[in-house]
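Notes for the one structure printed next.
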Amino acid sequence: MRLHHYLFILSGFLFSGCGAYYNQPTGVQKAVLGEGTPATSLLKNLPKPKEQVVVGVYKFRDQTGQYKPQDNGSSFSTAVTQGATSILIKALEDSKWFIPIERENIGNLLQERNLIRATRQEYIKNPNPNEPQLTPLLYAGVLLEGGIVSYDSNIITGGFGARYFGAGASVKYRQDRVTIYLRMISTSNGKILKSVYISKTILSQAIDESLFRYVNFKRLLEVETGYTTNEPVHMAVTEAIEKAVESLIIEGIKDNIWEPDAPKLEVDNLLKAYSEETKTADVTALYGRRLEDRRGSFGIEISGGATLMDGDYESALLRPFGRGALKFRVSPGFTVSASTNVVNLANENLLDVGYITYDLNLEYFLLPRDRLTPIFYAGGGYGTNKKFENTHGKFQYGLGLEYMASDKIGIKLFAEQNVNFSDNVDYIKAGTRDDYYYKFGFGLTYYFTKKKK
């Protein structure tokens, strides 16, 4: 390879590394106001209350007890912030629904008030009996308790990389997750009025590129570039807490614990949006999987593909086949399928015949409430040639994947083996083994009835 080729590759690395260069801190930065999260604007845009609620927060603790993971063990730094109480108080203040009062360091407040009283008594020579005393402290109508209950590291890890003749690149990612619980307690009777549960994922990504090549005798070219982004854990905790406060407010409106100062239409739209979000959360599993009963009770499948003969002749050829099937779901995971198949079987210069088969299968959907699920099926059938002369019974089994492109359309890929109880499928009897053939296909299934909620 000539020198200008290496210069071209080097320029590509330089351009691709511009993102890493322009994102690095190249100078001293001044202090700025703290960034908001997507939940901050939603919290501030909630309708205002008719009357604010005095709330006390003694401690919103890190209950995980975890330390930051490292490659060689753990450090003495905690995995999540220890200042979650301050974050919660800021979120309560931003919502305009609550009047937070000092309870985390109540001892400092009481001591300062005692100092004020002692100073007044000691240094005021002619006390005025009509002079107002210190105003009484506010007491909380409700208390907020809870904490950060979980920090899970590396719930998803992965990446991709390629290298060719010393030039390569790779992408890596990692996802963590933080979970909080927040509950509201009435100070009048100790009743837990509401409890909410919020989780937030934390994403880390790394991209790097490298080139290691001898460009000439005793001349080595080595280039590296890349960058890493880590979502701040503090921002993730802040967003989770703000989302918890928002949910607490809406749940309180829904159960008439308090009343908003807003038009009924605005409140109804807010409750409707929250109800839809709750329904989505109820059917969403870990890793963002939406668990819904998507498939209807009845369906029609049309599929096609290729067959491959495995009989007494050599040099089998791929030939087309078609299938039409009726399906009935007997349970969320099991479906009975009755199908008619038109199959062609061929070997090079020796065999080219057609069969009609009638199959009855029991299909098992491994993940029936996921959009994408593996399928395993097995059953029996009956086959005959077009003149109904060469007939045989058979057993078939296969596996595949089905993806729900919509609530009624399923796209299916499958592979199947047909074990025939006859050695005359290829019109020759040789040996003791019966004739087999394979199917590889693609199909569409239309589900008639509406999905079950």
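The values are calculated or read from the model by the stated rules, or taken from the named source; none is laboratory data. What you see is a predicted model; the values in this text were computed from it and never measured. Here the Cβ positions follow ideal geometry from the backbone for every residue, glycine too, while neighbour counts run over all protein chains shown. Heavy atoms of the whole protein, side chains included, go into the accessibility calculation; ligands, DNA and RNA do not. Shrake-Rupley method; radii C 1.70, N 1.55, O 1.52, S 1.80 Å.
What to note about this one:
- Relative compactness, the stretch 306-429, computed as alpha-carbon Rg over 2.2 N^0.38 Å: 1.16
- Heavy-atom accessible area order for Asp268, Asp62, Asp426, largest first, 1.4 Å probe: Asp268, Asp62, Asp426
- Cα gyration tensor shape for the stretch 295-337, rounded if a/c is under 1.5, else prolate or oblate: prolate
- If you take the Cα centroid of the stretch 301-378 and the Cα centroid of the stretch 136-194, the two points sit 47 Å apart.
- Largest-first ellipsoid semi-axes for the stretch 337-376, taking √(5λ) over the Cα gyration tensor eigenvalues, angstrom: 33, 13, 7
- Sequence-separation-based contact order of the chain, relative, with Cα cut under 8 Å and 6+ spacing, percent: 11 percent
- Considering all different alpha carbon pairs of the stretch 369-410, the Kirkwood hydrodynamic radius works out to 13.0 Å.
- Counting only residues at least eight positions apart within a chain, or on another chain, the aspartates and glutamates with an alpha carbon under 20 Å from that of Lys327 are Glu292, Asp293, Glu301, Asp359, Glu363, Asp370, Glu402, Asp407, Glu416.
- Coarse-grained scattering of the stretch 167-297 at q = 0.21 Å⁻¹, given as base-10 log I(q)/I(0) from a Debye sum over alpha-carbon atoms: -1.25
- The stretch 250-294: radius of gyration and largest Cα-Cα distance (Dmax), Å: 13.8, 40
- Span-like helix check, the chain: qualifying full DSSP H segments, with Cα axial length of 24 Å or more and mean Kyte-Doolittle of 0.5 or more, are 233-254.
- For the chain, the dipole from Cβ point charges (+1 on Lys and Arg, -1 on Asp and Glu) about the Cα centre works out to 620 debye, to the nearest 20.
- Per residue of the chain, the DSSP helices (runs of n ≥ 4 H) give a summed -39500 (n - 2.57) that works out to -7000 deg cm²/dmol at 222 nm.
- Which of Arg295, Arg371, Arg61 is most accessible, then next, and so on - probe 1.4 Å: Arg61, Arg371, Arg295
- Candidates per chymotrypsin sites (Phe, Trp or Tyr not before Pro) in the stretch 406-438, loop by DSSP, up to 16 other Cβ within 10 Å: Phe421, Tyr427
- Percent carbon-and-sulfur accessible area, the chain, ignoring ligands, DNA and RNA, probe 1.4 Å: 57 percent
- Violating pairs (Cα-Cα greater than 27 angstrom) within the set Lys68/Lys194; Lys90/Lys191; Lys59/Lys272: Lys68/Lys194; Lys59/Lys272
- Accessible area (Å², 1.4 Å probe, nearest 10) - Thr64: 30 Å²
- Where the chain is the region considered: accessible area per residue in Å², 1.4 Å probe: 60 Å²
- Extending 7 Å from Cα along the Cβ direction at Val336 and again at Glu266 yields two label points whose distance is 5.8 nm.
- Distance histogram in 10 Å bins (all Cα pairs of the chain, percent per bin): 4, 13, 14, 15, 16, 15, 11, 6, 3, 1, 1, 0, 0
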